[in-house]
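In what follows, a single structure is set out as structure tokens and then discussed.
The values are calculated or read from the model by the stated rules, or taken from the named source; none is laboratory data. Computed from a prediction, not measured in an experiment: that's the story for all the values here. Because the Cβ atoms are built from the backbone with ideal geometry, glycine has one as well, and the counts that use them run over all protein chains shown.
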Amino acid sequence: MRPLNAARNEGTSMTETPYRLPPGTCDSHVHVYGPFDRFPPLIEGRFSPTRETPVEALFALWDGLGIARGVIVHAIRAGADNAVTVDALERFPQRLRGVALVDPGISDRALDRLNDVGFRGVRINLLRQDGKAVASGGMDLDALVALAPRLAERGWHAQLWIETGDLMELAPTLENLPLTYVVDHMGRTMVDKGIDYPGFRDFCQRLKDGRYWCKLSGADRNTRTGAPFDDTAPFMMALVAANPGRLVWGSDWPHVGHAAETIPREADLLRLFLACVPDEATRTRILVDNPAALYGF
């Protein structure tokens with residue numbers, strides 16, 4: 001397995017590391033788009049793809065970094081019916097799992113079909129910042145409530161795109177449903193709120209009971225200083241301290257919604273993770289063991 005690229009931005013506090021990622025490392029949050037002639041995207045709003053990034057391009061990236069497998073989170077602007085993600089999972093079942101977008105009226109047969117090809121959850125869009133919705137579309141809370149019993153029957157989880165303050169308010173409703181929850185992007189708490197922000201403190205506490213998981217991803221979206229995202233490190237370290245057994249890591253490739261000049265480098269995102277998780281056994285747990293358990297690799 002190749003060593004991690006050791007290049008770094010000048011003037012930062014993050015140290016270089018030649019650490020080799022452990023066998024079985026999983027990237028638990030990516031999206032794929034295209035080829036557009038087979039899987040036409042929806043071009044609408046900030047999170048629209050600006051280029052084709054098919055699964056073959058994803059594998060080229062992973063092979064260069066030493067990442068063995070991962071999870072495609074189907075994006076609403078990647079096209080209808082989860083088709084591009086279904087195609088990838090069918091062709092590479094040993095290497096991929098999926099998170100779907102579905103309509104509450106989906107048939108049991110169709111849900112079983114998604115389960116058989118490797119989907120393990122649905123993504124729910126509840127993301128607001130300062131009370132305003134960040135992105136439109138996707139599945140909402142009403143859809144989750146309607147589907148929850150059937151998702152639970154199949155062992156699926158609900159992946160929540162939500163800010164921790166809103167999660168704190170919605171937790172009583174969510175916890176009445178028979179589901180496990182995976183929270184995107186470290187709870188999407190912007191760093192200037194600080195780790196003592198009530199929503200983030202509450203989420204760290206909820207991580208301890210085993211009902212919730214969290215993706216150590218999205219540093220590039222939560223930062224206020226930009227690459228290499230050092231200002232997000234206290235949040236990542238707090239989550240690791242809360243419960244390393246309920247964490248997975250993800251790159252969020254191909255980083256839709258970024259301007260060209262702010263697209264993060266995966267090597268920077270991995271270096272941040274490695275700096276925040278210095279213990280090798282804990283790294284392996286988050287990169288390999290936890291995603292294997294959560295996604296059924």
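The number of residues in region 78-98 that are surrounded by fewer than 19 Cβ atoms within 10 Å (Cβ to Cβ) and under 18 Å from residue 42 (Cβ atoms) comes to 4.
Just for region 18-46: of the residues that are surrounded by fewer than 19 Cβ atoms within 10 Å (Cβ to Cβ) and among the hydrophobic types (A, V, I, L, M, F, W, C), which one is modelled with the highest pLDDT? Step by step, filter region 18-46, then rank; the result is 36. A count restricted to region 188-218 and to residues that are more than 25 Å from residue 121 (Cβ to Cβ) and of a type in the set (Gly, Ala, Ser) stands at 1. Can you give me the number of residues within region 40-83 that are in a helix (DSSP H, G or I), farther than 30 Å from residue 271 by Cβ and hydrophobic (A, V, I, L, M, F, W, C)? Residues in region 40-83 being in a helix (DSSP H, G or I), farther than 30 Å from residue 271 by Cβ and hydrophobic (A, V, I, L, M, F, W, C): 3 in total. Would you check if residue 74 is at pLDDT 95 or above and closer than 30 Å to residue 280 by Cα? For residue 74, the condition - at pLDDT 95 or above and closer than 30 Å to residue 280 by Cα - is not met.
Taking the criterion of being of a type in the set (A, V, I, L, M), surrounded by 14 or more Cβ atoms within 10 Å (Cβ to Cβ) and either part of a helix (DSSP H, G or I) or touching a residue at least 60 places away in the same chain (Cβ under 8 Å) (or both), the residues of region 251-276 that qualify are 256, 267, 269, 270, 272, 274, 275. Residues that are free of Cβ contacts under 8 Å to residues at least 60 places away in the same chain, surrounded by fewer than 16 Cβ atoms within 10 Å (Cβ to Cβ) and among the small types (Gly, Ala, Ser): does region 61-73 have at least one? Checking region 61-73: not a single residue is free of Cβ contacts under 8 Å to residues at least 60 places away in the same chain, surrounded by fewer than 16 Cβ atoms within 10 Å (Cβ to Cβ) and among the small types (Gly, Ala, Ser). Just one of the listed residues (1, 14) is at pLDDT below 95, out of contact with any strand residue (DSSP E or B) (no Cβ under 8 Å at 6 or more places or on another chain), surrounded by 15 or more Cβ atoms within 10 Å (Cβ to Cβ) and among the aliphatic types (A, V, I, L, M), namely 14. Can you name every residue in region 198-228 that is touching a helix residue (DSSP H, G or I) at 6+ places or on another chain (Cβ under 8 Å) and over 30 Å from residue 261 (Cα atoms)? Matches in region 198-228: 198, 199, 202, 203, 204, 205, 206, 207, 208, 210, 212, 213.
Can you work out which of the residues in region 226-250 that are among the charged types (D, E, K, R) and without any contact (Cβ under 8 Å) to a residue 60 or more places away in the chain is surrounded by the most Cβ atoms within 10 Å (Cβ to Cβ)? If you could, list the steps in order and put the result at the bottom.
First pass over region 226-250, keeping only residues among the charged types (D, E, K, R): 230-231, 246.
In the following step, the residues that additionally are without any contact (Cβ under 8 Å) to a residue 60 or more places away in the chain were identified as 231, 246.
Values: 231: 16, 246: 23.
In this case the residue turns out to be 246.
What are the residues in region 21-37 that are touching a residue at least 24 places away in the same chain (Cβ under 8 Å) and in a loop (DSSP other than H, G, I, E, B), if any?
Initial filter on region 21-37 (touching a residue at least 24 places away in the same chain (Cβ under 8 Å)): 21-34.
The answer is 21, 22, 23, 24, 25, 31, 32, 34.
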